[in-house]
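This report concerns only the one structure given below.
The values are calculated or read from the model by the stated rules, or taken from the named source; none is laboratory data. Source: prediction; values computed, not measured. Counting neighbours? That spans all protein chains shown, and the Cβs are built from the backbone with ideal geometry, glycine included. These accessible areas exclude ligands, DNA and RNA; they are computed on the full protein's heavy atoms, side chains included. Shrake-Rupley method; radii C 1.70, N 1.55, O 1.52, S 1.80 Å.
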Amino acid sequence: MPSTSYPPEKDILTLFYQGNIYAFELIFKKYNTVLCNFASRFVSSQDISVEIVQGVFLKLWENHDKIIIENALKSYLFRAVYNQCSSYLSHLRVRKKYLHSIRRLHETQHLTDPVQDSLSYKELNHRVHEAVAQLPEECRKIFVLSRFEGLKYMEIADRLQVSVKTVETQISRALTRLRENLKEFLLSP
């Protein structure tokens, strides 16, 4: 195969920065094959390596007026392809981990009994409401406003005309009592 002679890189880059498509084509012809071979050392598929290299060239052309290549063009392109391969592989690892988590979750859901889960939820809900009903009146009011109505401590204090510290204390007492009354439902560490 005859060797193709290219103008000096400095001249090609000058034209490329000006948006000369011929200069871009020269860069593409000179480096495309070697970059695809380089990318294929990192990724498992020739198609993916071609796609990665094409993406690098596309980005190069789209940013021809913004890009500044300080060292050799070849080094710049190899670094860009390497970075894209790394990003691709990182994305694959994240995707694989996500799919593994979904698979495990799906398997776990099949192992649980929905009827039993529903009965346990109803029983727990009933026991929570019983335990809340057993709280002293002020403690119960504050707890209900906080946990069931979603009010912030300051809002509760304003509504009941008490201090924020009182709200904090009553919530703490309510949680302590509820933990005691519902300990059979709590997971042990």
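Between a first residue in region 64-76 that is in contact (Cβ under 8 Å) with a residue 12 or more places away in the chain and a second residue that is not polar (S, T, N, Q), which pairs have beta carbons less than 6 Å apart while being 6 or more apart in sequence or on different chains?
64/16; 64/19; 69/76; 73/9
Being free of Cβ contacts under 8 Å to residues at least 24 places away in the same chain, among the small types (Gly, Ala, Ser) and more than 28 Å from residue 93 (Cβ to Cβ) is the filter here, so list the residues in region 1-58 that pass it.
3, 5, 23
Looking at this structure, is residue 27 under 24 Å from residue 8 (Cα atoms) and not in a helix (DSSP H, G or I)?
On the way: under 24 Å from residue 8 (Cα atoms): yes; not in a helix (DSSP H, G or I): no.
Judged against the criteria, residue 27 is not a match.
Just to be sure I understand, how many residues within region 147-171 are modelled with pLDDT of 90 or more and small (Gly, Ala, Ser)?
Matching residues across region 147-171 total 2.
Go through region 164-184 and count every residue that is assigned to a loop (DSSP other than H, G, I, E, B) and open to solvent by 60 Å² or more (accessible area, probe 1.4 Å).
Taking region 164-184 and keeping what is assigned to a loop (DSSP other than H, G, I, E, B), we get 182-184.
From what is left, the residues that are open to solvent by 60 Å² or more (accessible area, probe 1.4 Å) are 183-184.
Total meeting the criteria: 2.
Results for (1) β-branched (Val, Ile, Thr); (2) open to solvent by 20 Å² or more (accessible area, probe 1.4 Å); (3) assigned to a helix (DSSP H, G or I), shown as yes or no for each residue.
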| position | (1), (2), (3) |
| --- | --- |
| 11 | no, yes, yes |
| 15 | no, yes, yes |
| 33 | yes, yes, yes |
| 43 | yes, no, no |
| 54 | no, yes, yes |
| 71 | no, yes, no |
| 74 | no, yes, yes |
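Give the residues of region 136-163 that are among the aliphatic types (A, V, I, L, M) and either open to solvent by 100 Å² or more (accessible area, probe 1.4 Å) or assigned to a helix (DSSP H, G or I) (or both), sorted by residue number.
142, 144, 145, 154, 156, 157, 160
Check residue 133 against each of (1) surrounded by 10 or more Cβ atoms within 10 Å (Cβ to Cβ); (2) at pLDDT 75 or above; (3) of a type in the set (A, V, I, L, M) and name the one condition it does not meet.
Of (1) surrounded by 10 or more Cβ atoms within 10 Å (Cβ to Cβ); (2) at pLDDT 75 or above; (3) of a type in the set (A, V, I, L, M), only one is false for residue 133: (1).
Quick one: which of 111, 124 is at pLDDT below 90, under 34 Å from the mean Cα position of the chain (by Cα) and open to solvent by less than 100 Å² (accessible area, probe 1.4 Å)?
Among 111, 124, only 124 is at pLDDT below 90, under 34 Å from the mean Cα position of the chain (by Cα) and open to solvent by less than 100 Å² (accessible area, probe 1.4 Å).
Examine region 34-43 for a residue that is out of contact with any Phe, Trp or Tyr (no Cβ under 7 Å at 6 or more places or on another chain), at pLDDT below 90 and at negative phi, and state whether such a residue exists.
no
Taking the stated definitions as given, is residue 98 open to solvent by 100 Å² or more (accessible area, probe 1.4 Å), at pLDDT 80 or above and of a type in the set (Ser, Thr, Tyr)?
On the way: open to solvent by 100 Å² or more (accessible area, probe 1.4 Å): yes; at pLDDT 80 or above: no; of a type in the set (Ser, Thr, Tyr): yes.
Spelling it out, it is not the case that residue 98 is open to solvent by 100 Å² or more (accessible area, probe 1.4 Å), at pLDDT 80 or above and of a type in the set (Ser, Thr, Tyr).
Does residue 83 meet the test of being free of Cβ contacts under 8 Å to residues at least 12 places away in the same chain, part of a helix (DSSP H, G or I) and either loosely packed, with under 11 Cβ neighbours inside 10 Å or out of contact with any helix residue (DSSP H, G or I) (no Cβ under 7 Å at 6 or more places or on another chain) (or both)?
yes
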